[in-house]
Amino acid sequence: MEDFELYGNIDRAQNFIDSVKSGRFLFSFVISYTETSEIPGITFAGADKDSIQYTPPADAEYLHYGYCKTIDKIPMTPDGKPTPGLLTKTALESASISHLTINAGSKITPQLPFIESGLPFGKNISVQDAMTDTIVSHAVEYGQILGRSLASLTDCLMIGECIPGGTTTALALLKALDYDAKVSSSIPNNPVELKNQIVTSALERIDSEHPYSIV
């Protein structure tokens, strides 16, 4: 780990590296889907609108097999750029880190062994709630159970995700929790105005301060 460059809280970062450098690592790859991703111009996580739903399972398959099964090639952006999964797979293999896939609501089921949460995909937050309070409660509970179980198997549990439209829903959640948040994008020119319009529509429907209702 001598090649790391540290930024921000250097001492805290160095202490973390020292605590895990001789330990075991496990990467959990969470895939899901939100119908928010179907809004034109909101995501580049797929060559076209119909391809977006295949990106999460295809990324998971690529990490596992080195090729995809649900589609005939790796996910691409509309302008022909390949999935960031290429970098993830290279990093995992270079460091000999094991990984597993968790299906937390993918619209398309991946063709590989995975942990099934039984959760549905999210709805379009610009026009309706993503999910009910009950489903949110189940998602939190399942996440806690899985987190404890996986953390007991390793010294350092890493969590990655593939959720098209996820930066927009994340922005909505952070704004709802009263954070002055900014998020990145898979699109070269981040559609900030469009995202803010969607988030505003979502926040107008909030009628409770309970965290599950906000989520």
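The values are calculated or read from the model by the stated rules, or taken from the named source; none is laboratory data. This is a predicted model, so every value here is computed, not measured. Cβ placement follows ideal geometry from the backbone for every residue including glycine, while neighbour counts extend to all protein chains displayed.
Data table
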{"quantity": "Filter pass, Asn190 being in contact with an Asp or Glu (Cβ under 6 Å, 6 or more places away or on another chain), in a loop (DSSP other than H, G, I, E, B) and not charged (D, E, K, R)", "calculated": "no"}
{"quantity": "Residue within the stretch 24-42 that is more than 20 Å from the chain's Cα centre (by Cα), surrounded by fewer than 19 Cβ atoms within 10 Å (Cβ to Cβ) and not in a strand (DSSP E or B) present", "calculated": "yes"}
{"quantity": "Answer from Asp18, Asp50 - the residue that is of a type outside the set (Phe, Trp, Tyr), at pLDDT below 95 and within 30 Å of Asp129 (Cα to Cα)", "calculated": "Asp50"}
{"quantity": "Odd one out for Ser117 among (1) touching a His at 6+ places or on another chain (Cβ under 6 Å); (2) closer than 26 Å to Ser137 by Cα", "calculated": "(1)"}
{"quantity": "Conditions (1) at pLDDT 95 or above; (2) out of contact with any strand residue (DSSP E or B) (no Cβ under 7 Å at 6 or more places or on another chain); number of the one not met by Asp129", "calculated": "(1)"}
{"quantity": "Which listed residue is under 24 Å from Ala172 (Cβ atoms), over 15 Å from the mean Cα position of the chain (by Cα) and in contact (Cβ under 8 Å) with a residue 24 or more places away in the chain, from Ser106, Ser126, Ser98", "calculated": "Ser126"}
{"quantity": "Unique match (being part of a helix (DSSP H, G or I), buried (at least 19 other Cβ atoms within 10 Å of the Cβ) and among the small types (Gly, Ala, Ser)) among Ala91, Ala45, Ala58", "calculated": "Ala58"}
